[in-house]
Amino acid sequence: MNEEMAMALVELKRDEVLEAVRQRAERGEDPVKILEECRRGMGIVGDRFQTGEFYLAEMMLAAEIFKGVVEILNPHMARVRPQKPLGTVVLATLKGDIHDLGKDILATLLRARGFEVHDLGVDVLPAVLVDKVKEVNPDFVGFSALITSAFASMKEASELLVESGLRDRVKLMVGGGVTTPALKDHIGADFQTLDAMEGVTYCVRQNGGRQQ
Ligand code: B12
């Protein structure tokens, strides 16, 4: 694993990181590998924020750089993606929560693996989520959460899915730093993880019959 890229992100060297990502992706390097290197950098930034070494401003700068990385890599994911979609996923960070880096990683990895992803963004009202599920009839719905105050909207969205008769048609996943197996049970989800790759594996396994 090349640590240089991760450390450049930690040092907030925006232009250096984005240019290196662009060049490596254009040279044909695996975009999933490049993304993982940057995710490690973001993990170190998170640790430094926790220990008080980094302030909110630095954290926001790092998040902006990371979003730039995802933007550059997304078109290159087509190279590693199978032709026929493996399934459809609706993703959201629900009302009360604006953290989206983990959700963006999951969306990118799912697209790379061949899923059609509808990413509704952050601070999403449960009713808007349910409308999207009605519209696109996905195989999976994923909630991402980094802040405990979003638990109430996750519960509400889950109950709305039941009331609308949609819950039995989808597998419901939750992920993100504050989620736990107990939260999964509390909102009646099917799967919980702190690792985007595990989420992708879950979707592939559940849709086993439809692989490539
Ligand atoms: C980056 C960050 C921010 C950035 C967010 C930038 C962005 N665009 O997302 C900014 C600076 C804007 C921010 C703001 C705030 N933050 Co903040 N933030 C963090 C920080 C440092 C890192 C979070 C992160 O991005 N981690 C990296 C990602 C990649 O990890 P992840 O989300 O867990 O995702 C992985 C997996 O979980 C999985 N995954 C994620 N989602 C999903 C979904 C599914 C379906 C699946 C399958 C998998 C999956 O995939 C990812 C890769 O494996 C954490 C502390 C920490 N070290 O965790 C605090 C933290 C989450 N923030 C916190 C808080 C309180 C706030 C603020 C209120 C302000 C403040 N006082 O700090 C505001 C939030 C306002 C709001 N309403 O949301 C608290 C939350 C406390 C709590 N328990 O509720 C934390 C824990 C810090 C702390 N210790 O106080 N924050």
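The values are calculated or read from the model by the stated rules, or taken from the named source; none is laboratory data. Predicted, not measured: the structure shown is a model, and the values here were computed from it. Because the Cβ atoms are built from the backbone with ideal geometry, glycine has one as well, and the counts that use them run over all protein chains shown. Accessible surface is based on the protein model in full, side chains and every heavy atom, while ligands, DNA and RNA are left aside. Shrake-Rupley method; radii C 1.70, N 1.55, O 1.52, S 1.80 Å.
For the range 116-126, what are the residues that are out of contact with any strand residue (DSSP E or B) (no Cβ under 6 Å at 6 or more places or on another chain) and either open to solvent by less than 20 Å² (accessible area, probe 1.4 Å) or within 12 Å of the ligand (Cβ to nearest atom) (or both)?
Passing the criteria: Gly121, Asp123, Pro126.
Only residues that are of a type in the set (Phe, Trp, Tyr) and open to solvent by less than 70 Å² (accessible area, probe 1.4 Å): list them for the range 33-56, please.
Passing the criteria: only Phe54.
Show the residue pairs meeting these rules: Cβ distance below 8 Å; 6+ apart or different chains; first residue within the range 185-198 and under 16 Å from Leu160 (Cα atoms); second residue assigned to a loop (DSSP other than H, G, I, E, B) and among the aliphatic types (A, V, I, L, M).
Sorted first by the residue in the range 185-198, then by its partner, the list stays empty.
Please go through the range 164-177 and give me each residue that is within 11 Å of the ligand (Cβ to nearest atom) and open to solvent by 40 Å² or more (accessible area, probe 1.4 Å), ordered by number.
Scanning the range 164-177 gives Lys171, Gly177.
Can you tell me which residues in the range 8-32 are more than 22 Å from the chain's Cα centre (by Cα), open to solvent by 40 Å² or more (accessible area, probe 1.4 Å) and on the phi < 0 side of the Ramachandran plot?
Glu11, Lys13, Asp15, Glu16, Glu19, Gln23, Glu26, Arg27
Report, by residue number, each residue of the range 46-96 that is within 10 Å of the ligand (Cβ to nearest atom) and of a type in the set (Gly, Ala, Ser).
Selection gives Gly46, Ala57, Ala62, Ala63, Ala92, Gly96.
Under the condition of being in a helix (DSSP H, G or I) and over 18 Å from Val32 (Cβ atoms), which residue from the range 63-96 is least open to solvent (accessible area, probe 1.4 Å)?
The extreme case among them is Ile65.
Could we say that Phe143 is within 13 Å of the ligand (Cβ to nearest atom), open to solvent by less than 10 Å² (accessible area, probe 1.4 Å) and aromatic (Phe, Trp, Tyr) here?
yes
Look through the range 97-115, keep the residues that are outside any helix (DSSP H, G or I) and near the ligand (Cβ under 6 Å from one of its atoms), and return whichever of them is surrounded by the most Cβ atoms within 10 Å (Cβ to Cβ).
Among them, the one singled out is Asp97.
Would you confirm, using the coordinates I've provided, whether Lys155 is near the ligand (Cβ under 10 Å from one of its atoms), of a type in the set (D, E, K, R) and either open to solvent by 40 Å² or more (accessible area, probe 1.4 Å) or within 17 Å of the chain's Cα centre (by Cα) (or both)?
So Lys155 fails the test.
Tell me which residues, restricted to the range 35-62, are free of Cβ contacts under 8 Å to residues at least 60 places away in the same chain and among the aliphatic types (A, V, I, L, M).
Listed by number, the residues that qualify are Met42, Ile44, Val45, Leu56, Ala57, Met59, Met60, Leu61, Ala62.
Test Met5 against the stated conditions and say whether it is open to solvent by 20 Å² or more (accessible area, probe 1.4 Å) and either assigned to a helix (DSSP H, G or I) or closer than 18 Å to Ala196 by Cα (or both).
No; evaluated as a whole, the condition is false for this residue.
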